[in-house]
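Scroll down for the structure; my scribbles are underneath it.
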Amino acid sequence: MIGTSAGAIVAADVQLGRGLDQLLEPAESDLAGGPRGDVVRTWRSTPDLLRRLIGSSWIMARSALPTSMRTPETPPLLQRAFPGSLLRITNRDWARDRFPIDWSTGDFLDLVIAATGAAKGA
């Protein structure tokens, strides 16, 4: 399985046979105020959360538009004022710790979404 960003991580976890409970465990411990995993929230206050929601909403809206309609890159000053990240990975070696070196020895299925929206396996 192949994904982008968080989708790639979930795809790798599914490939390893990890269940939904294992995937949601870090988020549930954070919500319960328990020990945190490698992924932590970036905001420290309500105003900071609002700034980051504006930034991440801009990124989502920009990426959802067709390429021909995309707006220009956000100026650096606005990127600093409205950061697009809601989460941060604290462990620099998180991937090495999370996935075994030989995890990718299984069979792979490349999935392509055609312009018609039909999924085709290769």
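Odds and ends about this structure:
- The residues on offer are 32, 8, 81, and the sole one that is surrounded by 11 or more Cβ atoms within 10 Å (Cβ to Cβ) and at pLDDT below 80 is 8.
- Within the range 15-29, no residue satisfies the criterion of being modelled with pLDDT under 75 and in a loop (DSSP other than H, G, I, E, B).
- Total residues in the range 37-78, condition in contact (Cβ under 8 Å) with a residue 40 or more places away in the chain and surrounded by fewer than 10 Cβ atoms within 10 Å (Cβ to Cβ): 0
- Test: residue in the range 49-60 that is at pLDDT below 80, farther than 20 Å from residue 11 by Cα and out of contact with any His (no Cβ under 6 Å at 6 or more places or on another chain): no
- Odd one out for residue 110, checked against (1) within 30 Å of residue 25 (Cβ to Cβ); (2) modelled with pLDDT under 75; (3) surrounded by 10 or more Cβ atoms within 10 Å (Cβ to Cβ): (3)
The values are calculated or read from the model by the stated rules, or taken from the named source; none is laboratory data. Note that the structure is a prediction, hence the values are computed from the model and not measured. So basically every Cβ, Gly included, is an ideal-geometry build from the backbone, and we count neighbours across all protein chains shown.
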